Amino acid sequence: MRCGPASTKCNGEVSAMHALSLKLWRELWQLKGQMLSIALVVATGTMTVVTMRGSYDSLVQAQQAYYRETRFAQIWAPLKRAPESMRTAVATLPGVTAVDTRVVGAASLDLPGLDAPAQGLFISLPERGRPRLNDIRLDQGRYIAAGHPDEIIVNQKFAQARRLGPGDALQAIINGRSRRLSIVGVANSPEYAYALPPGSLFPENDRFAVVWMGRRALEAAWNMDGAFNEIVVTLAPAASEAATIAALNRLLAPYGGTGAYARSQQMSHQILQGELDQNKVMGTAIPAAFLLVAAFLLNLVLGRLITTQRAEIALLKAFGYRDREVGAHYLMFAMVAVLAGAALGLATGIALGHGYIAIYAQYFSFPALSFALQPALALVAVLVSVAAACAGSLSAVRRAASLPPAEAMRAEPPASFEAGWLERSGIAARLAAAVRMILRNLGRKPLQLVLSSVGVAFSVAILVVGLFMFDGVRYMMDMQFRQIQREDLSVSFNESLDAAARFDLAHLPGVSHVEVFRSVPARLVAGHREQSVAIQGLSADSRLRRIVSADGSISPVPISGAVLSATLARRLQLSPGDLVEVQVLEGRRAVGQIHVAGVVEDFLGLSVTMSRPALARLVGGPEMISGAFLSVDQHERHALEKTLKQLPTVAAIASPAATLASFEEQLGDSLFISIGFLLGFAGVIAVGVVYNGARIALSERSRELASLRVMGFRRSEVTVLLLGEQAIITALAIPLGWGLGYLLARAISAGVQTDAYRIPFMISASTYGTAALVVMLTAALSAAIVRRRIDRFDLIAVLKTRE
């Protein structure tokens with residue numbers, strides 16, 4: 001039927017709907033505080049989806065576009081030296097679609113204002129044309145020119161940190177020779193989107209550079225004429241990555257191949273992928289908690305509203321409103337709060353998403369990295385919020401729609417009062433009257449008590465989950481750089497030297513103690529399982545570098561056999577006492593067997609530690625060393641670093657204390673931002689649950705509390721009766737939230753363990769205390785807001801209100 005100007009029925013329907021709309025907006029205004037708190041909970045959940053998942057989508061799109069543009073490799077195979085003719089042999093392997101070779105090597109950089117030598121990773125570029133794989137993307141300047149061997153391109157983060165650009169010069173010591181190099185360009189590469197110095201987990205942009213240089217110039221510097229020491233490969237979609245890696249290892253073994261590895265093990269990609277996975281998980285788990293709380297709050301608020309409006313529902317039905325119209329009217333309360341919250345969450349999430357991506361841009365070098373919200377994600381976020389609201393409101397709306405008019409006209413039957421467990425136990429006689437009243441009222445609604453406690457517990461859990469990561473990272477870094485790496489400086493050589501070089505180091509000014517080490521690339525084989533690792537040989541009495549387990553226990557360096565990290569042992573399914581085959585990937589490429597002397601839980605990499613003499617026997621030949629750990633007189637440290645800077649055999653110098661200080665500075669910035677978000681998240685949930693619970697309790701018990709005031713109870717006594725319930729709910733929620741946070745944190749901790757690092761699962765007492773304190777303060781703030789309403793009680797108006 002179409003409605004025209006003369007249609008009385010249609011005009012009546014429009015007028016009736018208009019009346020319901022007026023009623024809706026009037027009552028929304030009366031419940032504005034409660035609706036606002038629900039909208040904020042929904043907004044926070046929506047914001048988290050938009051920020052986290054939107055950032056995830058933006059990073060994935062930028063990553064994939066960058067990888068396509070630069071033809072990012074899928075497999076890397078480093079080696080000692082191979083003739084260029086091997087390129088053809090690799091290209092004919094099944095599944096290989098593209099191959100490129102290059103010369104790669106480390107060198108020292110002499111930077112002004114820096115006593116210790118900085119590190120440079122030099123990578124060859126063809127003078128004519130561009131690399132077939134792992135191309136660079138110029139940010140400033142130009143590409144290198146043929147016939148100019150001293151032209152270089154440096155990575156963007158290093159250039160920004162040192163304020164360098166095209167036209168500036170860089171002094172480098174390449175294979176023992178000092179050269180002045182001219183910077184002609186600044187570029188990015190997907191290989192070094194997260195540029196890490198060798199052996200580090202944190203960028204050091206002011207002292208580590210990725211340097212691209214002409215192929216011929218690097219071939220001449222490292223005696224690689226017509227040869228290469230790294231090959232990169234891409235595969236057809238259906239090709240087997242594992243089979244290709246095995247074939248590459250067999251093919252390159254005669255040329256000093258140290259083990260091919262896939263993109264998933266490439267450090268920059270691995271760290272970025274870890275961040276992406278974390279964003280994906282957090283962008284799903286946190287919004288789910290908020291929407292569950294929002295559904296609970298809507299059920300609570302609408303349930304109370306329908307209870308207080310029984311007579312109005314009866315009148316609406318008596319005047320001809322259908323069940324469907326009454327149900328839709330009350331459902332609109334939920335929709336208004338949820339849609340307002342979703343709109344606020346979308347706007348805030350987009351703004352935060354831009355800021356979140358800007359933080360990533362500080363650490364990852366990605367061209368055209370910007371936040372772009374996909375319409376599908378925005379639609380999903382809103383629809384999920386609406387679905388949560390409908391789920392939370394369904395039982396209350398169904399009750400309103402199905403309430404018969406005759407029954408609705410009568411007041412709700414009073415609650416049944418009888419002796420409960422409190423009275424039967426005899427405890428009641430020992431409690432104050434106010435406490436008995438509070439406990440009796442809570443005992444009448446056990447389900448509401450449980451749900452309210454769970455709601456507040458979510459805010460505690462969110463704080464525990466957010467803060468535990470910092471506890472684990474702090475412990476990991478303290479253990480690694482104070483208990484394991486106890487040297488003042490570690491020195492790495494360009495190539496292995498005779499063990500007698502330790503005496504040259506010991507005679508340098510300022511050196512008080514020297515311990516040398518050897519690092520050997522090898523492949524461990526246990527049955528059909530194998531893993532490429534670097535075996536580290538230490539002195540039996542080593543005290544500057546120790547084998548320390550995650551629990552702080554110290555394992556001695558074994559005289560025979562090797563100590564393996566637990567992650568490696570689990571991967572190869574090895575236990576103490578087992579034998580494992582070792583294929584040495586340098587020198588004579590010896591093959592032997594060693595027994596597993598011990599297994600330790602550690603934090604960084606896949607470690608294998610032996611005594612130096614045992615490693616020398618395994619490798620064969622004279623005893624060599626790869627570097628040394630030094631104890632240094634701090635008064636002479638700068639002079640020593642200047643001396644080491646001039647030694648052509650020194651490839652790199654590292655200071656555990658400097659690395660730890662740099663990390664703590666970065667952690668401080670991250671901690672400040674993260675805690676701000678966590679406090680906001682937890683506060684929104686706690687305020688939403690506690691404030692709504694107190695407001696509903698005040699609405700339900702207003703006549704009772706007013707009667708007590710008339711009988712002579714003071715405001716403070718009435719306040720205790722009302723807010724005491726919320727205090728008990730909060731007190732129950734705190735240990736529940738600790739337990740929930742513990743379980744969630746353990747699950748997240750298990751999901752972020754990688755070969756590169758393993759954050760220990762631990763939650764400090766301060767984290768539990770901080771979570772409890774924040775929630776208690778938030779609950780106190782909510783109570784203070786409700787207390788103001790109690791102080792403004794109009795006793796006469798309340799007592800005149802019909803039950």
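Please work out the FRET efficiency for the pair residue 445 and residue 110, using the Cβ-Cβ distance as r and a Förster radius of 56 Å; give the result to the nearest 0.05. Efficiency for this residue pair is about 0.15. Label positions at residue 482 and residue 570, each projected 7 Å from the Cα along the C-beta direction, are separated by 2.7 nm.
Taking the Cα centre of the stretch 484-542 as origin and assigning +1 to Lys and Arg Cβ atoms and -1 to Asp and Glu Cβ atoms, the resulting dipole is close to 280 debye. Placing dummy labels 7 Å off each Cα toward the beta-carbon, the span from residue 281 to residue 593 is 3.9 nm. Between residue 181 and 170, 171, 172, the built amide H atoms are under 5 Å apart, and every one of these is 5 or more places off in sequence or on another chain. Between the beta carbons of residue 24 and residue 374, assuming R0 = 25 Å, the FRET efficiency works out to 0.15 to the nearest 0.05. Stretching residue 351 away from residue 328 to a fully extended chain increases their span by 4.9 nm, per 0.36 nm per residue minus the current alpha-carbon distance. Charge tally for residue 135 (other residues, Cβ to Cβ under 9 Å; Lys, Arg +1; Asp, Glu -1): +3. For the stretch 23-39, putting each phi into the Karplus relation 6.51 cos²θ - 1.76 cosθ + 1.60 with θ = phi - 60° gives couplings of 4, 4, 5, 5, 6, 4, 5, 5, 9, 4, x, 5, 5, 5, 5, 5, 4 Hz, in residue order, rounded to whole numbers and with x for Gly and Pro. Taking amide hydrogens as placed 1.01 Å from N in the peptide plane, the amide H of residue 150 sits under 5 Å from that of no residue at least 5 positions away in sequence or on another chain. Spacing of the modelled spin labels on residue 551 and residue 315, each 7 Å from Cα toward Cβ, amounts to 7.2 nm. Please list, in order, the residues from the stretch 553-590 whose amide nitrogen is less than 13 Å from a point placed 7 Å along the Cα→Cβ vector of residue 529. Of the residues in the stretch 553-590, 565-576, 578-581 have backbone N under 13 Å from the label point off residue 529. Report note on the peptides 581-593, 152-164: ranked by the mean count of other C-beta atoms within 10 Å, highest first, their order is 152-164, 581-593.
Working note: Karplus 6.51/-1.76/1.60 with θ = phi - 60° gives the stretch 566-583 the couplings 4, 4, 5, 4, 5, 5, 8, 6, 10, 10, x, x, 6, 9, 9, 7, 10, 9 Hz, where Gly and Pro are set to x. Scalar couplings 3J(HN,Hα) for the stretch 158-169, obtained by applying the Karplus form with A = 6.51, B = -1.76, C = 1.60 to θ = phi - 60°, are 5, 4, 5, 5, 9, 6, 10, x, x, x, 7, 10 Hz; x denotes Gly and Pro. Between residue 246 and residue 61, the contour length at 0.36 nm per residue exceeds the alpha carbon distance by 63.5 nm. The charge dipole of the stretch 88-179, taken about its Cα centre with unit charges on the Cβ of Lys, Arg, Asp and Glu (plus for the first two, minus for the last two), comes to roughly 180 debye. Place +1 on the Cβ of every Lys and Arg and -1 on the Cβ of every Asp and Glu in the stretch 446-512, take the dipole about the Cα centre, and give the residue among 453, 510, 470 whose Cα lies farthest towards its positive end. Highest projection toward the positive end goes to 453.
For residue 118, the residues 5 or more places off, or on other chains, whose built amide H falls under 5 Å of its own are 109, 111. Taking 0.36 nm per residue of sequence separation and removing the Cα-Cα distance, the residue 643/residue 776 pair yields an extension gain of 42.1 nm. Using a 7 Å offset from Cα along Cα-Cβ at residue 89, what residues in the stretch 234-277 end up with backbone N under 16 Å from the label point? The answer is 245-260.
In this Cβ point-charge picture (+1 for Lys and Arg, -1 for Asp and Glu), the stretch 152-244 has a dipole of about 440 debye about its Cα centre.
Values in this text are rule-based calculations from the coordinates and carry no lab data. Quantities reported herein were computed from a predicted structural model and do not represent experimental measurements. Neighbour counts are summed over all protein chains in view; Cβ atoms, including those assigned to glycine, are modelled from backbone coordinates with ideal geometry.
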